[in-house]
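Since the structure comes first, as structure tokens, the remarks are kept for the end.
The values are calculated or read from the model by the stated rules, or taken from the named source; none is laboratory data. This is a predicted model, so every value here is computed, not measured. Cβ coordinates were reconstructed from backbone atoms using ideal geometry, including for glycine residues, and neighbour counts include every protein chain displayed. Only protein heavy atoms, including side chains, enter the accessible area calculation; ligands, DNA and RNA are left aside. Shrake-Rupley method; radii C 1.70, N 1.55, O 1.52, S 1.80 Å.
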Amino acid sequence: MRVAELTVEEQESDKGTILKVSGELDLTTVGLLREPLLTQATRSQAANLIVDLTKVEFIDSAGLALLVEARKRLATESRTLALVLSPGGQPERVLRLVRFDTIMRLVYNLDEIPTGSAFEIDHQI
């Protein structure tokens, strides 16, 4: 049996705090992202919180639920969550299928994220 793996790296940029995630984001690994993601969602002062999922091969409902939880925490402070995706990958297909593009910013590269300030999302949770 293969065990899923996940790594998370944090970095600051002029666009906001970036969490670079690699591996599979599922029930067995979601705990590895939970603490850094929710810490940044509640403690960071950056307007944007960016989760780079370009190196994530798979995401399941546990990963989706964690992203929604982070989005809700950020929304209380008028901060935004952006997800950087690889075009055509499983995470992009799932996130678009469940309409995450209506509650958070889905982009393909960091250049699509404004520098410094929060950006508008059309819908609220």
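Taking GluC sites (Glu not before Pro) in DSSP loop states with no more than 13 other Cβ atoms inside 10 Å as exposed sites, the chain has its longest site-free stretch at 6-76. Among the protein heavy atoms, those of residue 42 account for about 70 Å² of accessible surface (1.4 Å probe, every chain in place). Here the spin labels are modelled as points 7 Å beyond Cα on the Cα-Cβ line, and at residue 43 and residue 78 they lie 2.5 nm apart. Relative to the longest principal axis of the Cα atoms of the chain, the long axis of helix 61-75 lies at roughly 10 degrees. In this structure the chain gives 53 Å² per residue of accessible area when probed at 1.4 Å with all protein chains present. Could you work out what % of the accessible surface of segment 1-117 is carbon and sulfur, using a 1.4 angstrom probe and leaving DNA, RNA and ligands out of the count? Answer for segment 1-117: carbon and sulfur cover 52 percent of the accessible area.
Within the chain, DSSP assigns beta bridges of which about 35% are antiparallel (rounded to the nearest 5).
Ligands, DNA and RNA aside, residue 66 has an accessible area near 0 Å² when probed at 1.4 Å.
Okay, helix-only estimate at 222 nm for the chain: each DSSP H run of n ≥ 4 adds -39500 (n - 2.57), divide by all residues, round to 500 deg cm²/dmol; what do you get? Don't jump to the answer; show the numbers that get you there.
Numbers: 3 runs with 37 residues, N = 125.
After summing the helix terms and dividing by the residues of the chain, the value is -9500 deg cm²/dmol.
Note on the chain: GNM, Cα springs under 10 Å; of 111, 52, 14, the largest mean-square fluctuation is that of 111.
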